[in-house]
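Nothing in this text is a laboratory measurement; each read-out follows from the coordinates by a stated rule. Here the structure is a predicted model, which means the values were calculated and not measured. We place every Cβ from the backbone using ideal geometry, glycine too, and count neighbours over all the protein chains shown.
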Ligand SMILES: *Cc1c(COP(=O)(O)O)cnc(C)c1O
């Protein structure tokens, strides 16, 4: 008997149970080949079908238009922090970053190694409790692109909407909220995400890039770091992380059968609302880190009145089978990561625990 746990890990994080069961069933003998998919050539027809299906499911689920290309890359979202300026920042231009947390800071840092950068807006002064309004961003005519982090995994804030009439290409790190809600892809020139939060296991990074942005091919960057290398080879230039892409395909299939993005968005909203309600109705026993109008539906950050209470709460949670609730060291307190695969029941169990703990303390 596997003991019941509630998985609130920030990443890698919970995967849908049916996806894990399917992988288990197919593990030793994939499609009657007598082999595991992991043992097959990435040039085989069997693997290629999986690869292409992952792409077409993503296209269908996100409503990706014909003039966007989908890439499967390695090196995590972190390598995109370097590849983006390498491919899209030229001399005489500046890369413009909206700073809303630790991941945007890291993205900016990598761009400074490549070229000129600037900061459009930042909420660092408040320890990243909010998302600066697009109307306040400082934009320049020579911005090569504007980079945002749509959901701030560590601080628990999330863009509630996106500007739609920027003069420069908008690039978004959606690692922790891709496919969690409906978005208009056409607001973006590029979206990227490490898979291990909402898309599957670690090992593959998805990049969705508008062809316009790719029109100027740079020749002076290393082959593996040039988007064109992967575009021209359908992300099969070298050996891709085949098993991660297989799992990605299965997660996308699960999402489709669960009713697609609009249905999952509804569920995510209900899940997050239940926990925010527990915070808001606690008369200050629990306090949220994020300002209300910037709250994330994926990562919920909150604190108790003292460090001692935080510790006591986390100890009880651990005893009851709650995993991954410790807040990141830069925020402290608690964080519940409730990505697509986390069921409503886990969120309701957390609410019950919060209420029980408050009563006793
Ligand atoms: C987790 C995370 C990253 C880092 O992803 P890696 O795949 O580990 O490089 C980057 N950005 C955001 C928003 C994240 O949540």
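Can you give me the distance in nm between label points at residue 162 and residue 352, each placed 7 Å from the Cα along the Cα-to-Cβ direction? Label at residue 162, label at residue 352, 3.8 nm between them. Cβ-Cβ distance of residue 239 and residue 130, R₀ of 45 Å, FRET efficiency by 1/(1 + (r/R0)^6): the value works out to about 0.60. Sorting 73, 214 from the fewest to the most surrounding beta carbons within 10 angstrom yields 214, 73. Sorting 35, 190 by the number of Cβ atoms found within 10 Å of their own Cβ, with the fewest placed first, yields 35, 190.
Distance between the C-alpha centres of region 20-56 and region 188-220: 23 Å, rounded to the whole angstrom. Across the chain, the relative contact order, built from alpha-carbon pairs under 8 Å that are at least six residues apart, equals 23 percent. Note on the chain: the C-alpha convex hull projects to 18.9 nm² when averaged across all orientations.
Length gained on full extension, residue 52 to residue 273, computed as 0.36 nm times the residue gap minus the Cα-Cα distance: 75.9 nm.
Extension gain, residue 186 to residue 280, is 30.3 nm, computed as 0.36 nm per intervening residue step minus the present C-alpha separation.
Were the residues from residue 9 through residue 329 laid out at 0.36 nm apart, the gain over their Cα-Cα distance would be 113.7 nm.
For the chain, what is the percent of antiparallel DSSP beta bridges, rounded to the nearest 5? Expressed as a percentage, antiparallel bridges in the chain total about 55.
Taken along the Cα-to-beta-carbon direction at a fixed 7 Å, the label points for residue 112 and residue 306 span 4.0 nm. Ranking of 276, 97 by neighbouring Cβ atoms within 10 Å, starting from the fewest: 276, 97. Protection proxy ranking for 218-225, 107-114, using the average of other Cβ atoms within 10 Å per residue and placing the highest first: 107-114, 218-225. The calculated 222 nm mean residue ellipticity attributable to helices in the chain amounts to -11000 deg cm²/dmol, summing -39500 (n - 2.57) over DSSP H runs of n ≥ 4 and dividing by all residues. Springs between Cα atoms under 10 Å define the GNM used for the chain, and in it the highest mean-square fluctuation of 299, 238, 52 occurs at 238. Spacing of the modelled spin labels on residue 345 and residue 315, each 7 Å from Cα toward Cβ, amounts to 3.0 nm.
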